[in-house]
Amino acid sequence: MRRPGASTTLLLTGVLACASANAQSASTSSATDDIARKLADPGAALISVPFQYNYLGSVGPGGDFRNQQLKIQPVIPFVGEHGKFILRPILPIQWNQFPEDRSGTGDLFVQGYYIPKTAAEARGTEVGFGAAALLDTASHDSLGTGKYSLGPAFILVHKTRNWTIGALANHVWSVGGDGDREDVSSTSVQPFVTRNLPGGWSVGVTSETSYNWKAASGDAWTVPLGATVSKVLHLGKTPLSLGVGGFYNVDRPQYANRWSARFTVTLVFPE
């Protein structure tokens with residue numbers, strides 16, 4: 001039997017190396033797309049820490065002011081035999097020109113959802129329920145409500161291979177706090193539609209609609225509509241998502257921002 005020559009051996013080695021590299025690349029791409037899909041799902045059991053910067057334009061009388069906000073909003077899942085609990089605290093850090101030239105922390109908002117285990121965890125529909133709390137952690141009166149508020153929270157998500165559609169909703173009432181401040185009664189609904197694309201890309205359309213039951217009728221609704229684009233990258237071995245977005249308030253209180261721009265950096269800690 002003839003032994004393969006050096007050229008044949010080199011050719012076979014090259015073919016195997018290319019096949020291995022392609023397999024590894026395909027595996028990495030698949031993992032990246034999976035992370036992008038989970039980041040689009042607010043009910044996914046994925047530990048992440050988004051840092052969301054918002055630039056709020058055309059604020060106050062005449063739209064002459066600009067406010068800025070950084071939301072630190074870790075997602076902490078607890079997975080059990082019969083379901084999962086998703087904890088989503090949000091701490092805002094604000095730099096405001098209006099209503100006062102102040103900077104500091106705002107009120108801490110915490111949502112928690114229990115989602116029963118179903119066969120639809122990867123594809124299909126999930127429904128969860130829980131509670132929301134707004135805590136008086138603002139460093140200045142103009143940056144928060146001055147109240148402690150509680151209420152119910154809900155989550156609905158429908159997932160296919162390339163689409164994630166759903167909504168988060170909550171309502172909070174004030175249960176304590178500064179007696180001289182106005183009571184809180186506020187409903188929030190955040191519908192979203194996200195299309196996942198190859199290579200870790202995602203595009204989405206969303207709103208963060210709220211209704212203030214204590215405000216005058218002309219100042220009760222805040223209805224921003226916007227679009228976002230994000231991409232999952234890798235910082236060494238750590239996944240990282242970068243996103244940008246823009247929003248326009250089709251309805252708003254008199255002195256609220258007319259538009260906003262968003263930039264998000266999300267650290268991801270997969271299992």
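The values are calculated or read from the model by the stated rules, or taken from the named source; none is laboratory data. Everything numeric in this text was worked out from a predicted model, so none of it was measured. Every residue, glycine among them, receives a Cβ derived from its backbone with ideal geometry; neighbour counts consider all protein chains shown. In case anyone asks, the SASA skips ligands and DNA or RNA and just uses the protein heavy atoms, side chains included. Shrake-Rupley method; radii C 1.70, N 1.55, O 1.52, S 1.80 Å.
Descriptive notes on the structure:
- Any hit, segment 208-216, residues being in a loop (DSSP other than H, G, I, E, B) and under 20 Å from residue 261 (Cα atoms): yes
- Cross-chain or 6+ apart pairs with Cβ under 6 Å, segment 141-161 first and without any contact (Cβ under 8 Å) to a residue 24 or more places away in the chain, then in a strand (DSSP E or B) and hydrophobic (A, V, I, L, M, F, W, C): 151/132; 151/172; 151/173
- The set of residues in segment 216-252 being modelled with pLDDT of 95 or more, open to solvent by 30 Å² or more (accessible area, probe 1.4 Å) and not aliphatic (A, V, I, L, M) consists of 219, 221, 222, 228, 230, 231, 246, 248, 251, 252.
- Condition check for residue 106: at pLDDT below 95, of a type outside the set (Asp, Glu), more than 13 Å from the chain's Cα centre (by Cα) and open to solvent by less than 60 Å² (accessible area, probe 1.4 Å): no
- Residue 229 vs. criteria of a type in the set (A, V, I, L, M), farther than 18 Å from residue 69 by Cα, in a strand (DSSP E or B) and touching a residue at least 40 places away in the same chain (Cβ under 8 Å): no
- Number of the exception - residue 175 against (1) aliphatic (A, V, I, L, M); (2) loosely packed, with under 15 Cβ neighbours inside 10 Å; (3) within 23 Å of the chain's Cα centre (by Cα): (3)
- All told, residue 145 meets the bar of being at pLDDT 95 or above and assigned to a loop (DSSP other than H, G, I, E, B).
- Flag for residue 33 being part of a helix (DSSP H, G or I) and open to solvent by less than 50 Å² (accessible area, probe 1.4 Å): yes
Conditions (1) within 18 Å of residue 47 (Cα to Cα); (2) of a type in the set (Gly, Ala, Ser); (3) part of a strand (DSSP E or B), marked per residue:
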position	(1), (2), (3)
87	yes, no, yes
94	no, no, yes
99	no, no, no
103	no, yes, yes
110	yes, no, yes
115	yes, no, yes
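- Qualifying position, being surrounded by 16 or more Cβ atoms within 10 Å (Cβ to Cβ) and over 22 Å from the mean Cα position of the chain (by Cα), among 145, 164: 145
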